[in-house]
Amino acid sequence: DFSWIPILNAKKHCKGRKDTVWPIYTTSENLMCHICKGGKNFPQTLPRPIPQALPICVPILGLASSESEKLQEKYLRQKMILEEHVKQGMPMTPKDKIKLDKLILMNIRLACKGGRSVRALDLSTRLNRKKSLDTAILMANRMNQTQLVERMSIIIQGREAISRAATTQRPASTFIGDKGTKSAKAQQRTS
């Protein structure tokens, strides 16, 4: 289950109309590649070409202008990379969650500054950690956005209720009739 996601408009880095890009590898910030000039489909081998770094920029609407949109692009790129790591079996570390939350918090600050409380509330639902959500509430409170603070508090209460419900539920193996429980073993012996 794979999907293609555009991460770069390589044509804007090519000078000629027939120039092509030969990708080598990607980092979290750049695409390392060779730009093949004059319509060639692959780079020359001699002299050995030096790779060029093209900055990765996920195309989103209106990216050129505001700081908020640039932060959103950086968040999307980072989240894409982390989701790919999770698909490959590497768990998301607390440091990864903190990185994502920092980007979201910067975006929440800009949304609060601009008076876009709906945007800030939407962004706050993406926060991974309770501490980050508390920080978002402090930011909204400092900017005198009381309705936003109330709605973010509701989000915290909802998450706490979900986590309490998850911890109070019995594990699946303790239900009557499961193969791993004492009652199930006793039923199997009697039959």
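The values are calculated or read from the model by the stated rules, or taken from the named source; none is laboratory data. Being a predicted model, the structure only gives us computed values, none of them experimental. Here the Cβ positions follow ideal geometry from the backbone for every residue, glycine too, while neighbour counts run over all protein chains shown. Note: areas computed on protein heavy atoms with side chains; ligands, DNA, RNA excluded. Shrake-Rupley method; radii C 1.70, N 1.55, O 1.52, S 1.80 Å.
Things to note:
- When residues of region 1-31 are limited to those that are under 21 Å from the mean Cα position of the chain (by Cα) and of a type in the set (D, E), the one nearest to R77 (Cα to Cα): E29
- For L110: the one exception among (1) aliphatic (A, V, I, L, M); (2) open to solvent by 50 Å² or more (accessible area, probe 1.4 Å); (3) more than 11 Å from the chain's Cα centre (by Cα): (2)
- Sole residue being in contact with a Phe, Trp or Tyr (Cβ under 9 Å, 6 or more places away or on another chain) and either more than 22 Å from Y75 (Cα to Cα) or open to solvent by less than 90 Å² (accessible area, probe 1.4 Å) (or both), chosen from R164, R126: R126
- For region 164-182, a residue qualifies if it is within 23 Å of K131 (Cβ to Cβ) and at pLDDT below 85, and the qualifying residues are A166, T167.
- Single residue of region 32-59 satisfying the filter (open to solvent by 40 Å² or more (accessible area, probe 1.4 Å) and assigned to a strand (DSSP E or B)) that is farthest from I7 (Cα to Cα): Q52
- Residue check for K74: under 15 Å from the mean Cα position of the chain (by Cα) and open to solvent by 30 Å² or more (accessible area, probe 1.4 Å): yes
- Which numbered condition L63 fails, given (1) modelled with pLDDT under 85; (2) open to solvent by 40 Å² or more (accessible area, probe 1.4 Å); (3) among the aliphatic types (A, V, I, L, M): (2)
- Total residues in region 1-29 satisfying the condition of being assigned to a strand (DSSP E or B) and open to solvent by less than 50 Å² (accessible area, probe 1.4 Å): the figure is 2.
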